[in-house]
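The values are calculated or read from the model by the stated rules, or taken from the named source; none is laboratory data. This is a predicted model, so every value here is computed, not measured. No Cβ is skipped: glycine too gets one built from the backbone with ideal geometry, and neighbour counts run over all protein chains shown.
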Amino acid sequence: MNLIKFELKKLQPTRYFKVLTTLWILSFISLPLFYYSFLKVIERHRMLHTGPLSPTNWPVFQFSDVWLNITYFYKFISIFLSFLIIITITREFRYGTVRQNIIDGMSRGQFWLSKFYLLLSYATVATLLILFLGLFLGFKYSPNSNDLLLTIHYVPTYMLHLIHILSFAFFLSFLISSSGIVIALMIFWIYIIEPILYVILKHALGYKNFVEFLPMESNWNLLKFPLEKYVFIGEKISTTTQEYTVATIWILFFLFMSFYIFKRKEL
């Protein structure tokens, strides 16, 4: 508890913390409006064969559909929390505060734990907000609450997704220790390198079953595109035990490697 208080005390006066947190909160608030506008665009331009119901009449915010729908779309703003982790860790190396903390008596293990607790704090707060938002939307738009708990497991799945992507940022930050390079590398890997690897492995080489073991693919597989079930009636969307296992293994790998690197890093 003292370690997380120590971290939060250092973060509060920083400009980047206020800016990125504000961006994340604005995105969090506006996303349900964007979601509904997205459905209206689909309906207006007939972008999909939408089945018997028009997209704006899909029960996207009703129990139990609300849990997968909001967690899927909110995973796209997780990158802001990743940037917070990256800048928080790399600035410690840039300004030499990590070295000063060690000189003042903090062990490397304690320093690593303080950042890990911060990671868990971000994931926990974001997950609780998702839970409260889902309850608000569900009670507002559902005819009843009978299915409230039916797919609520997507809320802890969202937390696993957050811990996964934040652990990736955590690992890269201890590995490279330069915020600009880490942010660029993370964006490059998620949106360019891994998608290219995905296409090569799945379509060029025919390794269809291998692509789900890619680090970010294992993350995206936790929360699948939910709108197919409204287009293809009867389509079942679920996360398999193997997909949970692969994502968890990557989390453990990122955390272990970050600690291993930091224990041997020159300060």
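Looking at the range 79-95, which of its residues are polar (S, T, N, Q), in contact with a helix residue (DSSP H, G or I) (Cβ under 6 Å, 6 or more places away or on another chain) and within 18 Å of Lys9 (Cα to Cα)?
Selection gives Thr90 alone.
Test each condition in (1) of a type outside the set (S, T, N, Q); (2) surrounded by fewer than 21 Cβ atoms within 10 Å (Cβ to Cβ); (3) in contact (Cβ under 8 Å) with a residue 24 or more places away in the chain for Gly138 and report the one that comes out false.
Looking at each condition in turn, Gly138 falls short on (2).
Would you mind stating whether Lys115 is over 25 Å from Phe256 (Cβ atoms), of a type in the set (D, E, K, R) and assigned to a helix (DSSP H, G or I)? Show your work before the answer.
Numbers: over 25 Å from Phe256 (Cβ atoms): no; of a type in the set (D, E, K, R): yes; assigned to a helix (DSSP H, G or I): yes.
In short, no.
Considering only the range 153-267, give the helices (runs of 4 or more DSSP H) lying wholly within it that have at least 1 residues that are buried (at least 19 other Cβ atoms within 10 Å of the Cβ) and among the aliphatic types (A, V, I, L, M). Lay out the reasoning, then the answer.
Details: elements: 154-176, 179-188, 194-199, 215-220, 228-231, 241-263.
Result: 154-176, 179-188, 215-220, 241-263.
Scan the range 102-125 for residues that are of a type in the set (S, T, N, Q), surrounded by 16 or more Cβ atoms within 10 Å (Cβ to Cβ) and either over 24 Å from Trp24 (Cβ atoms) or at pLDDT below 90 (or both) and report the count.
From the range 102-125, those of a type in the set (S, T, N, Q) are 107, 110, 114, 121, 124; that's our starting set.
Then keep just the ones that are surrounded by 16 or more Cβ atoms within 10 Å (Cβ to Cβ); that gives 114.
If we keep only those that are either over 24 Å from Trp24 (Cβ atoms) or at pLDDT below 90 (or both) too, we end up with none.
The qualifying residues number 0.
Residues of the range 63-77 being charged (D, E, K, R) and surrounded by fewer than 21 Cβ atoms within 10 Å (Cβ to Cβ), which ones?
Lys75
Taking the range 173-198 only, how many residues are among the polar types (S, T, N, Q) and either in contact with a strand residue (DSSP E or B) (Cβ under 8 Å, 6 or more places away or on another chain) or modelled with pLDDT of 95 or more (or both)? Spell out the reasoning first.
Taking the range 173-198 first, the residues among the polar types (S, T, N, Q) are 173, 177-179.
Pick out the ones that are also either in contact with a strand residue (DSSP E or B) (Cβ under 8 Å, 6 or more places away or on another chain) or modelled with pLDDT of 95 or more (or both) and you get 173.
Residues meeting the conditions: 1.
Of all residues in the range 189-209, how many are more than 25 Å from the chain's Cα centre (by Cα) and aromatic (Phe, Trp, Tyr)?
Qualifying residue count for the region: 1.
What is the residue count in the range 82-101 for residues that are surrounded by fewer than 18 Cβ atoms within 10 Å (Cβ to Cβ) and either free of Cβ contacts under 8 Å to residues at least 12 places away in the same chain or of a type outside the set (Lys, Arg) (or both)?
Counting residues in the range 82-101 that are surrounded by fewer than 18 Cβ atoms within 10 Å (Cβ to Cβ) and either free of Cβ contacts under 8 Å to residues at least 12 places away in the same chain or of a type outside the set (Lys, Arg) (or both) gives 4.
Is it fair to say Ile25 is modelled with pLDDT of 75 or more, assigned to a helix (DSSP H, G or I), β-branched (Val, Ile, Thr) and surrounded by fewer than 12 Cβ atoms within 10 Å (Cβ to Cβ)?
On the way: modelled with pLDDT of 75 or more: yes; assigned to a helix (DSSP H, G or I): yes; β-branched (Val, Ile, Thr): yes; surrounded by fewer than 12 Cβ atoms within 10 Å (Cβ to Cβ): no.
When the stated conditions are applied, Ile25 does not pass them.
Within the range 59-98, how many residues are touching an Asp or Glu at 6+ places or on another chain (Cβ under 7 Å) and part of a loop (DSSP other than H, G, I, E, B)?
Residues of the range 59-98 touching an Asp or Glu at 6+ places or on another chain (Cβ under 7 Å): 59, 63-64, 98.
Next cut, part of a loop (DSSP other than H, G, I, E, B) only: 59, 63-64.
Qualifying residue count, the range 59-98: 3.
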